[in-house]
Structures are given as structure tokens and as C-alpha cells.
Protein chains: 2
Amino acid sequence: MDRTDRTDALVSHLRANHFATMTELAEELGVSVRTVRRDIADLRLRGLDIEGERGRGGGVRFARLAPLPPLQLDESQVVGLWLSVQLARRATGLPFSEDSGAGLNKVLAALPEARRQKLRQLYGRIAVGAPASPRLRDSAGEMCPSLIDAFERCFSQETCLSFTYRDRFENMTQRRIEPHGILVQPPVWYILAIDVDKSAQRMFRMDRISNPRPFSRPFVPSRAVVHEMVEEIPGVSAPKL
Amino acid sequence: MDRTDRTDALVSHLRANHFATMTELAEELGVSVRTVRRDIADLRLRGLDIEGERGRGGGVRFARLAPLPPLQLDESQVVGLWLSVQLARRATGLPFSEDSGAGLNKVLAALPEARRQKLRQLYGRIAVGAPASPRLRDSAGEMCPSLIDAFERCFSQETCLSFTYRDRFENMTQRRIEPHGILVQPPVWYILAIDVDKSAQRMFRMDRISNPRPFSRPFVPSRAVVHEMVEEIPGVSAPKL
DNA sequence: ACGAAATAGGTCAGTATCTGTCCTATTTCT
DNA sequence: AGAAATAGGACAGATACTGACCTATTTCGT
């Protein structure tokens, strides 16, 4: 019986018998009391709520097997968490950033498979890059405040978006696009889209967009489009296909 | 990350992402491919139904999803999620970043009250600032790879840390400190500490620290210390008192 | 038909981890 | 007081884990 089996057995025994002394557990598991003590300390570190009663007649028990209320996260909340974690993990060397990935995976794992599948498709359309260069950052202007809402809706619901775009020569044009993906280079981001009038791939910087209006024409999002538009850009981790 | 954490993370990752190659898993978990192979073999022995698809384009996945384990996030995983979300929310205007805060709150709400309290104390000691200025970023050097582990442990367990510090005049000194807080200005971070030999508050930049060694002297973390050291710095949201 | 990319797993040396033994401190009941 | 518990520090020896290297096999795309 290796360590993993043993901690497994320890948890089962405590669940089944509700209360035990370390000495009893040690005999049950065939190891020394000191080892049981260490195993319990480990389980506590992992967040299991085991309470010890000191003194004569004492022992250990599960404090309260509180069935956690099921997580009711909606789609954009999970995508938000996902994006936050991806951004933090690009800055290697931050404390706790490795653990955030593991934490996110546990949250995702707790969702029903059907939602997980939908979510995988959503963040498969998001490309995360390094933070914007100082020059880019300085050139970034104010974003139209209604853009986020409009964009999030169209991106998730797979419908088209129209807006007025100001290109780098200050020309204003009307665009109607299918928002297939986004590229995030904080604090700047781009919509990776197909312009339905030109039938061509285009990138739109968020601060050059004004007067966004969703419209109800549906499209089929393509990760391939996202992948293709992004793969040449250095420092960007393209989503898997 | 020990073996147990790793197999945990492995299962979560597979549940969350549905499909992965051994190589991806190895990178995600920071171990060799051979070790991932062994972990997967172990999990199979334990009865988890993981199927492997051979050949080009192959990978591993759960054949039949094992019953959901209850959401068991450990402390540093929650702190990691929290920090990621705070950082993302500072970059206002990113899509989905508002929702990430709501999502995080739901995750926190699903934890037992006792842990929530401990966690509030932990992230009450973390100050989040704007990303580092280009000059600061360029001057930042490599961080000692063992620092993160040592620091995370001392920070959470409320014990002291000693290390060699190189100040901005390149003087090397031995320090013994109480790590009360951190200030994060990605990708740079500082330990906000009390130097126990000088009995004075000091900030230590993470890339100037070498040879970190935890030692078992406990201290009582003070949010006031963190607050005081950080309140003069522009662009930093100090934790509430 | 071939090569590239996967899973699968054997072997071995070095190291990191775990375990038991022996402590001390503290709490609680009799 | 004293006995019976939890809690956990220190240390040496045993154990297991890990990475490097290797081979076999399957599968896909060109």
C-alpha cells in the first residue's frame, strides 16, 4: 500500500467511522502514528476540513461534509476567468501564477461536460499575446464604452456586428463583420473577423471602433480563421486547432 | 508541486480540456514526458478509464468520465485565481474582464466560510499595481528559480525567510525578514517585509534576491504594514484595512 | 511507401521524498 | 497531578520517484 492508497483509505475510514484516534488509524493502516499525523496534516493543507479534538478522549473527524452548492457560472464568467489566468500565466515568475492554472482546471472540471464543450469552442477563438509594446500602448485611444457589451454578445452568440472603423490613415468606413476571434495584447485587443462585404479577413483594433451595433445574421465561427490570422505574429500563443 | 498535486492537476486538466498529448501535459505540469506516462499508467491502475489514441494526431482522454470529485481548491490555487483576476481587471476595457470578477466571487462563495476567512487574510496582504514601466521592466533581471516556492510557503505559513540581497548599488547583504505582503507590478514584484535584524520596513525586488531559505520562526502578519508601505505609491490599489 | 508524430513501456543511476524513532509542547478529562 | 490525546520538530536510513535514453508499435499525411 503506497502513500496514495493510504491517504485514500484514511479518508474512507474517517468518512465511514466518523471518529477515530490517530493510534487507531495507524493500526488500521499499518504505519506509525507519526506517519498518520503527517498524512492528516497533508490532507488539511489540501483543504479537507478535518478537526482534531485534543486531550483525553479526543480524536479526529471531518468537521462537516458540507456539500458545496453547485457552481452556477455563466459562460462569460468562465471565459473571463480563463482569460485572466492565461494573461497572468504569460508573466512567468509571478507568485501563485502556476497554481492559478491548476485552480482554473479544477473549476472547469466541476462543470457539466456539455458546458465544457461549448466553452472550449469559445476560448479556442481567443489568442493571447504578450502585453502591448510601449509605443502601441501610448497610441491606444479611448474605447467606445458600448463596444464591450456589443462585442461580447456577438462573439458568444455567433452573430454579426457592424460599426464605423477609423483606419490608421484616419479614413472612416462602415463595416459589417463576422467576429470569429480576438487577439488580446493587454491593454489593447483586436477583433479577428471576416468582413462580409469584402469577403476577406481583417483585424480591427478596439479603440478605432465606434457606434457598434449587433445585427442578427448568424455565422459559423472558424478556429482556422483565428489561427491563420495570428500564427505569423510573434509572441502570440495561437489556440490549438 | 509534488506527485499528489500533479496527478490531481493531471486529472483536472484532462477533465477540463478533454483531450491532450503527453507532451502538452508534461509542459503544463513541468515534468518530463516519461513521468506523465507513468502518472497516467498509475491512474489507469487505479481504475480511471483513460484511453490513448496512438499515432500521429493522437493523445489521451477520459473514455467515460469518472464521477465528479467535489471541488477541492487549495489555498494557493484560490489566491492564484484571485491575483489573476485582479491583474486582468486593472486593464480596463478588456472583453470579459468584468465577468471574471463575478465568476471569481461565485467560486469563493462555494468555499466553506472558515477557508474564506483565511483567504481574505491572505489576499488582504497583496497589493496590485499597474504593469511595470518600460524602464523598470527592462532593468528587471532573472529571478532565482527557487524563490517562488520558498516565498509562497513563507508567505502563507507566516514564517520568516532569509536570503542574500543585491541592492541598487550592487552591495550584497544577508537578510532575515518577515514577509508581510507583496506588491505586484507585472512582470515585477516586491516582497513587503520587516527586516528582523534592523527592525525596519523594507521592500525587496524579486530579481535581486538569491539563495532564499525559509526558516521556521513564525510572525504575525500585519495588513497595516502592507498598507503603509504601499499607500504612497501611485497607481497601486492598497488592500483595504 | 515512407517519415513524422504519437502512445507504450523497459532500464538505470542519482536524488529527493517519505518513514520510523525519539523528542517536546499543549490540551483535556479523571 | 497524571494519563491520554493532538500537534509537530529533528534526524538517519530506506524507499520511491524522476529524467535520460532506448525500443516497439500505431497512425496519418504527403
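Once the Cα atoms of helix B:113-123 and of chain B are each reduced to a long axis, what angle between those two axes, in degrees from 0 to 90 to the nearest 10, is obtained?
50
Let me confirm one metric for peptide B:102-115, namely the mean number of other chain beta-carbon atoms within 10 Å of its residues' beta-carbons.
Mean shielding by partner chains, rounded to a whole number: 5.
Quick one: helix B:97-109 against the long Cα principal axis of chain B, what's the angle to the nearest 10°, folded into 0 to 90?
80
Below 14 angstrom from the Cβ of B:Ala102, what's the summed charge of the other residues (Lys, Arg +1; Asp, Glu -1)?
Local charge sum for B:Ala102: -3.
With each pseudo-label sitting 7 Å past Cα toward Cβ, what's the B:Lys118-A:Ala9 distance in nm, one decimal?
2.7
Rounded, prolate or oblate for the protein assembly as shown? Axes are the square roots of the Cα gyration tensor eigenvalues, ordered a ≥ b ≥ c, and the cut-off for rounded is a/c under 1.5.
Here the protein assembly as shown falls in the oblate category.
With axes computed from alpha carbons, what is the tilt in degrees of helix A:3-17 against the longest principal axis of chain A, rounded to the nearest 10 within 0 to 90?
That helix lies at roughly 70 degrees to the long axis.
Roughly speaking, to the nearest percent, how much of the protein assembly as shown's 1.4 Å accessible area is carbon and sulfur?
Answer for the protein assembly as shown: carbon and sulfur cover 50 percent of the accessible area.
Over region B:3-62, average the accessible area per residue using a 1.4 Å probe and give it in Å², no decimals.
I get 52 Å² per residue for region B:3-62.
How far is the Cα center of region A:102-173 from the Cα center of region A:190-237, in Å?
The two parts, judged by their Cα centres, are 10 Å apart.
Give me the Kirkwood hydrodynamic radius of region B:41-165, using the inverse of the mean 1/r over all pairs of distinct Cα atoms, in Å to one decimal.
Value: 18.8 Å, from the Cα pair sum.
Per residue of chain A, what 222 nm ellipticity follows from adding -39500 (n - 2.57) for every DSSP H run with n ≥ 4, rounded to the nearest 500?
-13000 deg cm²/dmol, from helical runs alone.
What does the average come to when, for each residue of peptide B:85-91, you count the partner chain Cβ atoms lying within 10 Å of its Cβ?
So the per-residue partner count for this stretch is 6.
Of A:Phe219, A:Phe204, A:Phe62, which is the most mobile in a GNM of chain A whose springs link Cα atoms less than 10 angstrom apart?
Between A:Phe219, A:Phe204, A:Phe62, it is A:Phe62 that shows the largest mean-square fluctuation.
Taking both sides together, what accessible area is buried at the B/A interface, probe 1.4 Å, expressed in Å² and rounded to the nearest 100?
Roughly 5400 Å² of accessible surface disappears when B and A pair.
Could you tell me the calculated FRET efficiency between A:Gln157 and B:Asp2, based on Cβ-Cβ distance and R0 = 35 angstrom, to the nearest 0.05?
0.20
The values are calculated or read from the model by the stated rules, or taken from the named source; none is laboratory data. Everything numeric here is computed off the predicted structure, so don't read it as measured data. Every residue, glycine as well, gets a Cβ built from its backbone with ideal geometry; the counts of neighbours run over all protein chains shown. The protein model used for the area step is the full one, side chains on, heavy atoms only, and it has no ligands, DNA or RNA in it. Shrake-Rupley method; radii C 1.70, N 1.55, O 1.52, S 1.80 Å.
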